Protein chains: 2
Amino acid sequence: MDEHSLNLNCLVSEIGEQQLLQRLYRFCPSHLVGDDAAVLPTRGDRLLVITSDMLVDGTHFSIGLANPAVHTTSPADAGWRAAAANLSDLAAMGADPLGITISLGLPPETPVRWLDELYEGITACLNRYQTPILGGDLCRSPILTLAITALGDVLPAHKILRSAAQPGDVIVATGLHGASRAGLELLLHPEWGQDWSEEVRHSLKRAHQHPTPRLDVPPLLRHIAPTARVAGMDSSDGLADAVLQICRASGVGAWLWQDRLPIPDAFRQTQALSEADALDWALYGGEDFELVLCLPEAIALPLVQQLGGGAAIIGIITTEPSVILKDLSRTQPDRPLSLDRGFQHFGDRRSR
Amino acid sequence: MDEHSLNLNCLVSEIGEQQLLQRLYRFCPSHLVGDDAAVLPTRGDRLLVITSDMLVDGTHFSIGLANPAVHTTSPADAGWRAAAANLSDLAAMGADPLGITISLGLPPETPVRWLDELYEGITACLNRYQTPILGGDLCRSPILTLAITALGDVLPAHKILRSAAQPGDVIVATGLHGASRAGLELLLHPEWGQDWSEEVRHSLKRAHQHPTPRLDVPPLLRHIAPTARVAGMDSSDGLADAVLQICRASGVGAWLWQDRLPIPDAFRQTQALSEADALDWALYGGEDFELVLCLPEAIALPLVQQLGGGAAIIGIITTEPSVILKDLSRTQPDRPLSLDRGFQHFGDRRSR
């Protein structure tokens, strides 16, 4: 407990997001919170999985109502990403989606066309996974706000928790990391990365605007190893954040192999990005919506092989409670990673 | 389809809330939307019931961050009301609560104490019904925003839908209407209603700040008539709105007996409120969070008797698709009610 938690007159901006979450967790049953989604027993044989997200114009997307020149996200893409982020949380729990609710806070000057396109983007993503919209709420707000709650279900034996990692597990990233961050850079600074082909630039921007939730992974895992213990979460807040959160929840540590982190080939084929920047984006860029899983190597090997497309074993779970980035070529010293380095909603610690 | 639905460049402020909802319903499976909450079959024997609400500072409550002088709602009361509104939607479906998720959009200048008190209010209400918080999301926003999703479950035979009313049903209001609106008036204009005792003033303000979701009604209904067909919804948007929505969804009409509408005794004991204003607040005031139920008279009679406290039979369902307010003393002509008269989030049609 630090000094801020004693001073109730302090402001949200003065305490970190993690500390704020800890304060609010006091009000929740501890067995229900702490993962990408809450898990609730029902009277049937499956567990109910619930996750909620709030997205605010200017923070999570730019609809350009105030300034059309600066928007980086079309309404359809904003809708797709919002749906994808929530489905990704369900995938991170090993769950199958049941449906989502959508609440919208709308400025009166929102064009109806914008709303239609938002919903078209949301349903384009949901329809890929036969997931319905279960209703929601509409209200007036000075700032466009989107709150989504996604519901899924999972058999108890198949749920994926952050807290289930064990020393000796290998760590799997289900796909490339850093692509979304590079895509955002291209959208914000079109003059950047001109030495890439139009095709590469398009695919990086697409990674940012149109991420794919990895709902394909839980069924594949169940197919490969129906009764395996699997720990994990998604990498929406960055690869480093995911590994750190899993280690904290499981009371373990990790070694990550720096040269095994799956980054886009394009990162090695440009003058625009130093090796250090590429590593930074892979670890801290966020919003790639892949899964980070900890599981026995015997299951990880066929999983990575069948996933393809950038999936890789990136490290190993250790007993020592720290997360160390290791350079197997030994040109750089071991570096510990920490949660402070990732994106913080309320502070200003984002690196770029 | 009117002219607005063809012009996609029109703004949210230019079309009514009902029309906006109709536009968005196009994206939802029609069998899942249109009630206070969505109903989803699960693999167990009970249906899952889901409802979402978004509350925005300045529209739904005033936290007084910008102007402490004008806030009418303490953070604890705002929390209580938000939880109560969502639990009321579950009660309106006949469901038992399972839990809620809370997403918060927070200005950095929000005092942590305010947040703590908000959560204390939320949990004070939830704890009365043994309902846990299942997590949620936190993000930065220029305006304090609270999005709640509540989950419940119900046996298929016990679900209460808007669309199930039949001609010949009587209409039951489970309690007093207009009290919340009068309480708001007292909070906004403390100089008003001075001829009431402090006790009456306090109880009206309490009705606004601390409404009670009628989760007691579904178990009582199941006790009185385990297999009865019951239609209904809650009166959060006003008693008239509830009757009109039920009639529209059921393809029926209604007669309401003006002198049977349950209004607080205090309304008849003040110079501050004309008979017409009292009627207006009972019909259109909103936020009383009672249930409006349509059911056979043989069930309604013991229900009203056992509920007590203002519960009353207020009218009857008819075949003719209009809702008529009737004065049994025949001093006033029949008056048709319409949806346009109620509170609208995006227009400016609120009467007072």
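Could you tell me which numbered condition B:GLY168 fails, if it satisfies all but one of (1) modelled with pLDDT under 90; (2) small (Gly, Ala, Ser); (3) outside any strand (DSSP E or B)?
Evaluating B:GLY168 over (1) modelled with pLDDT under 90; (2) small (Gly, Ala, Ser); (3) outside any strand (DSSP E or B) leaves (1) as the failure.
Here's the yes/no breakdown for (1) touching a strand residue (DSSP E or B) at 6+ places or on another chain (Cβ under 9 Å); (2) open to solvent by 50 Å² or more (accessible area, probe 1.4 Å); (3) closer than 19 Å to B:TRP281 by Cβ:
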{"position": "B:ILE160", "(1), (2), (3)": "yes, no, no"}
{"position": "B:ALA165", "(1), (2), (3)": "yes, no, no"}
{"position": "B:ALA182", "(1), (2), (3)": "no, no, yes"}
{"position": "B:GLU198", "(1), (2), (3)": "no, yes, no"}
{"position": "B:ARG201", "(1), (2), (3)": "no, no, yes"}
{"position": "B:SER235", "(1), (2), (3)": "yes, no, yes"}
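Residues A:PRO142, A:PRO156: which one is more than 10 Å from chain B (Cβ to nearest Cβ) and open to solvent by 10 Å² or more (accessible area, probe 1.4 Å)?
A:PRO156
Going by the conditions given, is B:VAL112 more than 11 Å from chain A (Cβ to nearest Cβ), open to solvent by less than 10 Å² (accessible area, probe 1.4 Å) and of a type in the set (A, V, I, L, M, F, W, C)?
In short, no.
Quick one: A:THR73 ticks every box in (1) closer than 26 Å to A:ARG214 by Cα; (2) out of contact with any strand residue (DSSP E or B) (no Cβ under 9 Å at 6 or more places or on another chain); (3) at pLDDT below 90 except a single one, so which number is it?
For A:THR73, the failing item is (2).
Take A:THR101 and decide whether it is part of a strand (DSSP E or B) and either within 29 Å of A:ILE313 (Cα to Cα) or facing chain B (nearest Cβ under 7 Å) (or both).
It is true that A:THR101 is part of a strand (DSSP E or B) and either within 29 Å of A:ILE313 (Cα to Cα) or facing chain B (nearest Cβ under 7 Å) (or both).
Residue by residue through region B:127-136, note down the ones that are over 19 Å from B:LEU291 (Cβ atoms) and either more than 7 Å from chain A (Cβ to nearest Cβ) or not hydrophobic (A, V, I, L, M, F, W, C) (or both).
B:ASN127, B:GLN130, B:PRO132, B:GLY135, B:GLY136
Restricting attention to region A:115-125, does a residue exist that is surrounded by fewer than 19 Cβ atoms within 10 Å (Cβ to Cβ), closer than 20 Å to B:SER141 by Cα and facing chain B (nearest Cβ under 7 Å)?
The answer is no; no qualifying residue exists.
Give the residue, chosen from A:ARG206, A:ARG260, that is in contact with a helix residue (DSSP H, G or I) (Cβ under 9 Å, 6 or more places away or on another chain) and among the basic types (Lys, Arg).
Of the residues listed, the single one that is in contact with a helix residue (DSSP H, G or I) (Cβ under 9 Å, 6 or more places away or on another chain) and among the basic types (Lys, Arg) is A:ARG206.
Can you tell me which of A:ALA78, A:ALA82, A:ALA91, A:ALA150 is within 16 Å of the chain's Cα centre (by Cα), assigned to a helix (DSSP H, G or I), within 14 Å of chain B (Cβ to nearest Cβ) and crowded, with 21+ Cβ neighbours inside 10 Å?
Selected residue: A:ALA82, the only one of A:ALA78, A:ALA82, A:ALA91, A:ALA150 that is within 16 Å of the chain's Cα centre (by Cα), assigned to a helix (DSSP H, G or I), within 14 Å of chain B (Cβ to nearest Cβ) and crowded, with 21+ Cβ neighbours inside 10 Å.
For region B:215-249, which positions are of a type in the set (S, T, N, Q) and assigned to a loop (DSSP other than H, G, I, E, B)?
Residues satisfying the conditions are B:THR227, B:SER235, B:SER236.
Assuming A:ALA282 fulfils every condition listed in (1) open to solvent by 30 Å² or more (accessible area, probe 1.4 Å); (2) in contact with a Leu (Cβ under 7 Å, 6 or more places away or on another chain) apart from one, which condition is it?
(1)
Give all pairs with beta carbons closer than 8 Å in which a residue from region A:158-175 that is in contact (Cβ under 8 Å) with a residue 24 or more places away in the chain meets a residue that is in a strand (DSSP E or B) and open to solvent by 30 Å² or more (accessible area, probe 1.4 Å); count only pairs at least 6 apart in sequence or on separate chains.
Final answer for the pair search is A:GLY168/A:ILE316; A:ASP169/A:ILE316; A:VAL170/A:ILE313; A:VAL170/A:ILE316; A:ILE171/A:ILE313; A:ILE171/A:ILE316; A:VAL172/A:ILE313.
For A:GLY193, only one of the following conditions fails: (1) open to solvent by less than 20 Å² (accessible area, probe 1.4 Å); (2) under 21 Å from the mean Cα position of the chain (by Cα); (3) of a type outside the set (Phe, Trp, Tyr). What is its number?
(2)
What is the number of the single condition among (1) modelled with pLDDT of 85 or more; (2) open to solvent by 50 Å² or more (accessible area, probe 1.4 Å); (3) charged (D, E, K, R) that A:ASP2 does not meet?
Answer for A:ASP2: the failing condition is (1).
Determine which member of the set B:LEU239, B:LEU256, B:LEU301 is modelled with pLDDT of 95 or more and open to solvent by 10 Å² or more (accessible area, probe 1.4 Å). Please lay out each step first, then the result.
Working: B:LEU239 fails: open to solvent by 10 Å² or more (accessible area, probe 1.4 Å); B:LEU256 fails: open to solvent by 10 Å² or more (accessible area, probe 1.4 Å).
None of the others qualify; the one that does is B:LEU301.
Search region A:192-215 for residues that are of a type outside the set (Gly, Ala, Ser) and pair each with any residue that is at pLDDT below 95 and surrounded by fewer than 15 Cβ atoms within 10 Å (Cβ to Cβ) when their beta-carbon atoms are under 7 Å apart and the residues are at least 6 apart or on different chains.
That search, which allows pairs on different chains as well, returns A:ASP195/A:GLN271.
The values are calculated or read from the model by the stated rules, or taken from the named source; none is laboratory data. It should be emphasised that the depicted structure is a prediction, and the values quoted were computed from it without experimental measurement. Neighbour counts are summed over all protein chains in view; Cβ atoms, including those assigned to glycine, are modelled from backbone coordinates with ideal geometry. Surface areas here come from the heavy atoms of the whole protein model, side chains and all, with no ligands, DNA or RNA. Shrake-Rupley method; radii C 1.70, N 1.55, O 1.52, S 1.80 Å.
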